[in-house]
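What follows is one structure encoded as structure tokens, with my remarks underneath.
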Amino acid sequence: MIAFVLALALAAPNPTAIDAPRRAFAGCLKSFESNQLRAKVAVDAYSMAVKAACPAEAQALEDALVRFDVAMGTKRASALSNAQRDVDDYRATSEDRYRDTMAPQ
């Protein structure tokens, strides 16, 4: 019985597999945001630009999230939708942070 439980635990997907792509995407967005702040890009322009920022990192994160969710038993279509929503949330957070930073004090 203990061997069975141990085998199940070892077979479960490792959530740390998502950490590196998540950090890479968040770091890329932060760098993009900093560059746009230095260039004093208008908020509306940033809102459009951030949607296309860091495409390789965004794809790597989506792929990792989908692999993890599918391994946990989520249907692929739902996993893909969830992953895209996560990436969109990161971009929306960056947009909000940029908007707050550029707001007159």
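The values are calculated or read from the model by the stated rules, or taken from the named source; none is laboratory data. Because the structure is a prediction, the values reported are computed rather than measured. For neighbour counting, all protein chains shown are included, and Cβ atoms are generated from backbone atoms with ideal geometry for every residue, glycine included.
Please verify whether segment 11-28 includes one or more residues that are in contact with a Ser or Thr (Cβ under 7 Å, 6 or more places away or on another chain) and either part of a helix (DSSP H, G or I) or modelled with pLDDT of 95 or more (or both).
No.
Which condition does residue 101 not pass, out of (1) of a type outside the set (D, E, K, R); (2) closer than 25 Å to residue 14 by Cα; (3) at pLDDT below 95, if it passes all the others?
(2)
So residue 102 fits all but one of (1) touching a residue at least 60 places away in the same chain (Cβ under 8 Å); (2) within 9 Å of the chain's Cα centre (by Cα); what number is the exception?
Failing condition for residue 102: (2).
Has segment 41-58 got at least one residue that is closer than 15 Å to residue 92 by Cβ, touching a helix residue (DSSP H, G or I) at 6+ places or on another chain (Cβ under 9 Å) and either at pLDDT below 95 or of a type in the set (Val, Ile, Thr) (or both)?
yes
Among the numbered criteria (1) modelled with pLDDT of 95 or more; (2) surrounded by fewer than 11 Cβ atoms within 10 Å (Cβ to Cβ); (3) hydrophobic (A, V, I, L, M, F, W, C), which one does residue 4 miss?
Just one mismatch for residue 4, condition (1).
When only residues in segment 63-105 that are acidic (Asp, Glu) and out of contact with any Phe, Trp or Tyr (no Cβ under 9 Å at 6 or more places or on another chain) count, which is farthest from residue 22 (Cα to Cα)?
Step by step, filter segment 63-105, then rank; the result is 100.
For every residue, the table says whether it meets (1) farther than 26 Å from residue 100 by Cα; (2) small (Gly, Ala, Ser); (3) without any contact (Cβ under 8 Å) to a residue 24 or more places away in the chain.
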{"position": "25", "(1), (2), (3)": "no, no, no"}
{"position": "35", "(1), (2), (3)": "no, no, yes"}
{"position": "47", "(1), (2), (3)": "no, yes, no"}
{"position": "52", "(1), (2), (3)": "no, yes, yes"}
{"position": "55", "(1), (2), (3)": "no, no, yes"}
{"position": "59", "(1), (2), (3)": "yes, no, yes"}
{"position": "68", "(1), (2), (3)": "yes, no, no"}
{"position": "77", "(1), (2), (3)": "yes, yes, yes"}
{"position": "86", "(1), (2), (3)": "no, no, no"}
